[in-house]
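J.: One structure, as structure tokens, below. Some questions next.
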Amino acid sequence: MVLSRFYVIVLAFFSAVTLADTPLYSPTPDWVGPHSTLSIPETTPAGDRQYLLVETQLNLTTETPSQFKRIAFKALTAKGAKKATTLSIDFVPAHEVLSVHTVTVTRNGEIQNRQDKASIVVASIPQKRESHLYVQKQRLKLTLTDVQQGDIIDYSYSITGKNPVYGNKYDQNIRVGWPVKVEQSTVRILVPEASNLVVNNTDQKAKGTFNFNQQDGITTYLYEERQGQYGHGESQQPLWYDPYPVLHVSNFQSWQDIVDWALPTFSLNGDRSTAAIASDIAARKADNKEAQIVEAIHYAQHRIQHLGKDHALDSHPPSNPDDVIHQGFGDNKEKALLMVALLRQIGVSATPALVSDQWKGALRSRPVSTSSFDHVIVKIEHMGKAWWIDPLSTHQSSKLDTLAQSDHVLALVLKQGNNALESVPISGPDVLHEVTQNFIINKADRDSFLTVTTLMRGKEAEKWRHYLHSTPPIEVSKLFSSYYSRHFNELAVLNPIKISDDKAANQIEIIESYIIRDLWQQKESLYHLTIAGDIVDDFLVRPKKTSRKTPFHFGTDGKIVQRVQLSLPEEWQIEPVEHQISNPFFEYRSALKPMNRAGTNVPGKTYIEADYHYQAKTRYVPPARLKEYLAQIDLAWKNSEYEFVYPVN
């Protein structure tokens with residue numbers, strides 16, 4: 001259990017017994033060292049609960065690892081007392097044994113043993129043998145009665161066992177910091193002196209004291225911290241930003257160790273079903289190898305339902321591709337392995353590669369650990385070129401050259417002897433999102449017209465193709481028109497929305513057309529019309545709080561381009577103007593200029609185009625540079641609008 005984090009799950013089985021009657025209860029193991037003494041601080045923090053102690057002890061000196069946990073907290077309010085009546089512990093019965101040791105409540109200095117009064121509910125998720133995608137976790141819920149405000153709840157337990165996926169390897173992160181203050185956090189780890197297990201304070205984030213000693217062939221690591229608190233609860237943080245410290249315990253020493261561990265689980269054994277499917281693909285597209293590759297990719301992406309979204313690399317070994325085909329579903333690992341099998345069957349080099357959705361380019365600074373990876377993609381090599389394909393992507397291009405590739409930045413390719421991370425090149429069209437807004441503007445007493453052409457390319461097109469696949473055109477039209485309705489009160493759809501999908505070019509075009517009856521706004525004796533780069537401006541974002549202690553995440557991949565074309569009534573004198581902003585965070589350009597459409601300009605009208613360009617140079621702002629970033633955002637906003645006026649009479 002990690003402090004007050006609780007999970008919502010569907011409970012399919014219940015068994016309620018008293019703690020004293022169940023074999024789940026046992027004395028504290030002999031190897032557990034002296035307990036920490038609870039100290040009650042004089043000051044009381046805000047909130048419902050005050051954590052007094054989080055103690056972890058890990059014994060790796062025996063064949064089967066065992067971890068002891070003790071948690072003590074004080075219920076500060078009636079609400080906190082109510083929450084404290086239920087304690088939850090998760091474990092995996094397939095390879096772990098849970099033992100509860102102590103459950104006490106201290107009230108007015110008196111320690112009350114609640115072992116015989118507590119009730120236990122063990123909840124499990126039903127499993128089917130063929131549907132092993134779900135980790136067979138169980139949750140022990142220990143329910144107490146008569147918990148009052150001011151009580152101190154103190155409980156301890158052990159979990160003994162080892163995940164068989166690791167074989168002779170061991171890899172664990174022990175968390176030692178949380179967003180709430182913990183009065184005392186202690187960790188004790190016992191490791192055989194002769195083993196290659198190493199304990200590290202990852203990135204030196206943990207601020208407590210960390211020491212070790214050796215005696216009688218055992219290395220003992222000790223960590224202690226008083227009143228530790230980490231993280232600031234700020235939103236809009238980069239995914240890679242993780243302020244919470246851990247002690248990393250592992251005998252993985254190099255990236256090659258990870259490769260050697262993973263390779264046997266990603267092995268192929270002449271699967272018949274994949275061979276038959278690959279043979280069919282090759283026969284139907286015999287004269288086009290790239291078409292065969294694309295169809296094999298699409299088969300793994302589309303024909304196999306993705307389940308087990310949150311599965312880590314160590315959740316279970318991937319099933320062989322034949323089983324995945326027959327059951328019709330699989331997790332990320334299994335879809336990747338199926339894609340590899342199909343591609344190899346048609347004679348194309350394909351290799352699984354471990355990547356991280358969370359860390360991406362920051363992966364190089366992560367420890368050598370299976371926890372540094374949370375995703376599997378496929379590296380395809382053909383005709384001297386490499387493609388990095390995500391098996392979870394869908395609705396991709398029908399041509400290999402325009403198919404959007406993975407954006408994971410770094411990958412560990414599961415190839416024998418590999419001991420290095422490999423760069424995943426960022427590829428794709430320069431401009432992912434391009435919008436042209438064409439206004440035919442009449443004077444205030446007449447309707448004006450707007451035609452919007454939106455082009456999505458590459459990864460952006462694939463996202464929209466996925467959305468359009470399951471959304472009726474009428475709903476798409478409502479979505480788009482609602483956007484412009486926020487800008488113009490009297491707006492009506494002129495023609496049905498038009499959607500064109502060029503899968504070969506991996507481009508989607510959407511055309512909207514509207515009538516606008518309130519384009520001009522009267523202010524005293526003048527009519528006003530303001531145009532702005534509203535699409536681009538959406539990316540000129542400010543944090544919700546401008547005083548931050550953590551990095552601010554912003555921006556998007558690729559360039560955003562917007563053109564606002566105006567056909568104005570009568571002749572206007574327009575002075576071309578251009579603003580360019582370049583800083584460490586983004587590039588921004590806005591320009592206003594006459595538009596000469598040869599052969600189409602109508603005498604007595606003025607044609608103008610306002611262009612807006614935005615591209616992020618980075619995806620986050622360090623707290624120390626936030627003020628600089630905000631000044632650049634304000635400067636861009638100042639140069640994003642152009643105003644036109646003419647007298648009412």
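J.: Given the DSSP H assignment, sum -39500 (n - 2.57) over each helix run of at least 4 residues in the chain and divide by its residue total; what's the result at 222 nm in deg cm²/dmol, nearest 500? The partial results should precede the final answer.
T.: Values: 10 runs with 100 residues, N = 649.
Here the helix-only value at 222 nm equals -4500 deg cm²/dmol.
J.: Students often check this: by mean Cβ neighbours within 10 Å, which of 226-234, 254-262, 521-529 ranks highest, and how do the rest follow? Please list the in-between numbers first.
T.: Values: 226-234: 15.0, 254-262: 18.3, 521-529: 12.0.
Peptide ranking by packing, descending: 254-262, 226-234, 521-529.
J.: Equivalent-ellipsoid semi-axes (√(5λ), Cα gyration tensor) for the stretch 431-647, whole Å, largest first?
T.: Numbers: eigenvalues 178, 121, 57 Å².
Working from the Cα gyration tensor, I get semi-axes of 30, 25, 17 Å.
J.: With every protein chain left in place, what is the accessible area per residue of the chain in square angstrom, probe 1.4 Å? Present the calculation step by step, with values, prior to reporting the outcome.
T.: Working: 31440 Å² over 649 residues.
On a per-residue basis, the chain sits at 48 Å².
J.: Rounded to the nearest angstrom and ordered from largest down, what semi-axes does the equivalent ellipsoid of the stretch 440-515 get from its C-alpha gyration tensor (root of 5λ)?
T.: Working: eigenvalues 146, 34, 18 Å².
Each semi-axis is √(5λ); the values are 27, 13, 9 Å.
J.: Which whole-number percentage describes the relative contact order of the stretch 431-647, with Cα contacts under 8 Å and a sequence gap of 6 or more? Please report the intermediate quantities before stating the final value.
T.: Details: 420 pairs, mean separation 50.2, N = 217.
It rounds to 23 percent for the stretch 431-647.
J.: Pick out, from GLY533, PRO576, PHE552, the residue whose Cα sits farthest towards the positive end of the charge dipole of the stretch 498-596, with +1 on the Cβ of Lys and Arg and -1 on the Cβ of Asp and Glu.
T.: My answer, from the dipole projection, is PHE552.
J.: Around ALA278, under 14 Å between beta carbons, what's the net of Lys plus Arg minus Asp minus Glu among the other residues? Please report the intermediate quantities before stating the final value.
T.: Values: positive: ARG272, ARG284, LYS285, LYS289, ARG303, ARG344; negative: ASP271, ASP280, GLU295, ASP322.
Local charge sum for ALA278: +2.
J.: Considering only protein heavy atoms, what is the solvent-accessible area of ARG625 at a probe of 1.4 Å, reported in Å² to the nearest 10?
T.: Roughly 90 Å² of ARG625 is accessible to a 1.4 Å probe.
J.: Next question. Among 462-473, 401-412, how do they line up from the highest to the lowest mean number of other beta-carbon atoms within 10 Å?
T.: Working: 462-473: 14.5, 401-412: 21.0.
So the peptides 462-473, 401-412, ranked by packing, come out 401-412, 462-473.
J.: Now for a separate question. Among LEU403, ALA386, PHE480, which residue has its Cα positioned farthest towards the positive end of the charge dipole of the chain, with +1 placed on the Cβ of Lys and Arg, -1 on the Cβ of Asp and Glu, and the dipole taken about the Cα centre?
T.: Going by the Cα projections, it comes out as PHE480.
J.: Report, in debye and to the nearest 20, how large the dipole of the chain comes out about its Cα centre when Lys and Arg carry +1 and Asp and Glu carry -1 on their Cβ.
T.: Values: 68 positive and 72 negative charges, 132 e Å.
Here the size comes out at about 640 debye.
J.: Please list, or write none, the lysines whose alpha carbon is within less than 25 Å of the alpha carbon of LYS549, excluding same-chain residues fewer than 8 places away.
T.: LYS181, LYS205, LYS207, LYS360, LYS617, LYS627
J.: Just the accessible area for VAL180, please: 1.4 Å probe, Å², rounded to the nearest 10?
T.: Near enough 60 Å² of accessible area.
J.: Over all directions, what mean area does the Cα convex hull of the chain project, stated in square nanometres? Intermediate values should be presented prior to the final figure.
T.: Working: hull surface 149.2 nm².
That works out to 37.3 nm².
J.: Further, regarding this structure: Net charge around GLY604, counting only other residues with Cβ within less than 14 Å of its Cβ (Lys, Arg = +1; Asp, Glu = -1)? Write out the running numbers ahead of the final one.
T.: Numbers: positive: LYS443, LYS605; negative: GLU570, GLU571.
Its environment carries a net charge of 0.
J.: When the accessible area of the chain is split by element with a 1.4 Å probe, what percent falls to carbon and sulfur? Can you show the working numbers first?
T.: Values: 15700 of 31440 Å².
Its accessible area is 50 percent carbon and sulfur atoms.
J.: Which of ALA504, VAL249, GLY428 sits farthest toward the positive end of the charge dipole of the chain, with +1 on the Cβ of Lys and Arg and -1 on the Cβ of Asp and Glu?
T.: VAL249
J.: State, as an integer percentage, the relative contact order of the stretch 258-423 based on alpha-carbon contacts under 8 Å between residues 6 or more apart.
T.: Working: 285 pairs, mean separation 44.0, N = 166.
Once normalised by length, the contact order is 26 percent.
J.: Just to check, using Stokes-Einstein with a Kirkwood Rh over alpha carbon pairs, what's the diffusion coefficient of the stretch 62-190 at 25 °C and 0.890 mPa s in µm²/s?
T.: Roughly 146 µm²/s, to the nearest whole number.
J.: Let me ask something else about it. If I take every Cα pair under 8 Å that is 6 or more residues apart in the chain, average their sequence separation and divide by the length, what percent do I get for the relative contact order?
T.: Details: 1368 pairs, mean separation 58.9, N = 649.
Relative contact order, the chain: 9 percent.
J.: Just by accessible area at a 1.4 angstrom probe, what is the order of ARG542, ARG619 from largest to smallest? Could you put the intermediate results ahead of the total?
T.: Working: ARG542 100, ARG619 75 Å².
My answer, sorted largest first, is ARG542, ARG619.
The values are calculated or read from the model by the stated rules, or taken from the named source; none is laboratory data. No experiment lies behind these values; they were computed from the predicted model shown. Here the Cβ is made from the backbone with ideal geometry for all residues, glycine too, and neighbour counts use every protein chain on show. Ligands, DNA and RNA are excluded from the accessible area calculation, which covers all protein heavy atoms including side chains. Shrake-Rupley method; radii C 1.70, N 1.55, O 1.52, S 1.80 Å.
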